[in-house]
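The values are calculated or read from the model by the stated rules, or taken from the named source; none is laboratory data. Because the structure is a prediction, the values reported are computed rather than measured. Here Cβ is always computed from backbone atoms with ideal geometry, including for glycine, and neighbour counts include all displayed protein chains. Each accessible area value is taken on the protein alone, full model and side chains, heavy atoms only, with ligands, DNA and RNA left out. Shrake-Rupley method; radii C 1.70, N 1.55, O 1.52, S 1.80 Å.
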Amino acid sequence: MRIPFSKMQGAGNDFVVLDETRGRLGLTSAQYRRLADRHFGVGADQILSVRAAPHAGVDFEYAIHNADGGEVENCGNGARCFARYVRERGLSLRPEVRVQTASGVLLLQWGNEGQVAVDMGAPVFEPARIPFDAAGLQPRPCGGWQVWPMALPAFEAELSLLSMGNPHAVWRVPDTDTAPVAQFGPLIERHPRFPNRVNVGFLQVLGRQQARLRVFERGVGETLACGTGACAAVVAGIRHGWFDERVEVQLPGGALSVAWPVSRHGLAAPVHLSGPAETVFEGVIELPDLC
Ligand SMILES: N[C@H](CCC[C@H](N)C(=O)O)C(=O)O
């Protein structure tokens, strides 16, 4: 199957974007994996599928598949690339675009110098909705929980858990350069208390409006940036009292800006994410039938 695609990136988090506005391609999980493969395919952290609006309340639908082929609920960097994609292709010239994802509706707004702002919706803290199995655990103050990763010597960390439509665990570390991302990222990602697995953020607080972050993403591994991960880290830090309500987050691939106006709207306040989104190249791939 010959498939045209756009290769895009937001702060180094990279995507293959497919136009399914005239009908679905019907790809299998194995075909999504092949598209994401950096040796046998195009190479990407996620595959984004742009689809026609499923109902009158939104302008488009957007499906997200991780490099492991699994479909997921949300992608913040992908949402900004989505906005650029539909604008560059003339699919929408509106300054604001409403997009249905598997976890809800995102509002995308064009900013200056190619920046795109996304209303990512409100964070969710109830364990059952993250989801997180909290049986036998007492919540620590400010939303932090204590989790013991399995098959490890006495290892214990306080992880702040929340959902941005997709599940996140945030671990504050003294220095992201020395954070145990490769060692503990996969173990926490697959911890049995996370029935849908989890994205793992390693957060360094630089000041009340500055942070550094590395993210071991569910279904991918460490990426150069994670938009929902930046949102989760800032929300957790605000709840802990470490941050003001707008934070610049430095990730290995670039900077993202996150705001959560919780003092005005409470915990149900929407999280706003803004940052870059660029098209790297266009291409066509001959994709084999893979089951
Ligand atoms: N790996 C994530 C999806 C992509 C999130 C990330 N690329 C972003 O920008 O939010 C998950 O499994 O929930």
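The table for this structure:
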| read-out | value |
| --- | --- |
| Per residue, in Å², the accessible surface of the range 1-62 once ligands and nucleic acids are set aside, probe 1.4 Å | 41 |
| Relative contact order (%) - the chain, alpha-carbon pairs under 8 angstrom, separation at least six | 23 |
| Peptides 238-246, 41-49, 170-178 ordered by average Cβ neighbours within 10 Å, highest first | 41-49, 238-246, 170-178 |
| Alpha-carbon Rg with Dmax, taken over the range 127-270, Å | 14.1, 43 |
| Accessible-area composition of the range 127-270, carbon plus sulfur, in percent [1.4 Å probe] | 53 |
| Protection proxy ranking, peptides 276-287, 91-102, average beta carbon neighbours within 10 Å, highest first | 91-102, 276-287 |
| Estimated translational D of the chain in µm²/s (Stokes, Kirkwood radius over Cα pairs; 20 °C; 1.002 mPa s) | 112 |
| Folded to 0 to 90 degrees: helix 227-240 orientation relative to the chain principal axis, Cα | 20 |
| 10 Å beta-carbon shell around Glu20, net charge (K/R +1, D/E -1) | +1 |
| Mean accessible surface per residue for the range 127-270, computed with a 1.4 Å probe while every protein chain stays in place, in Å² | 41 |
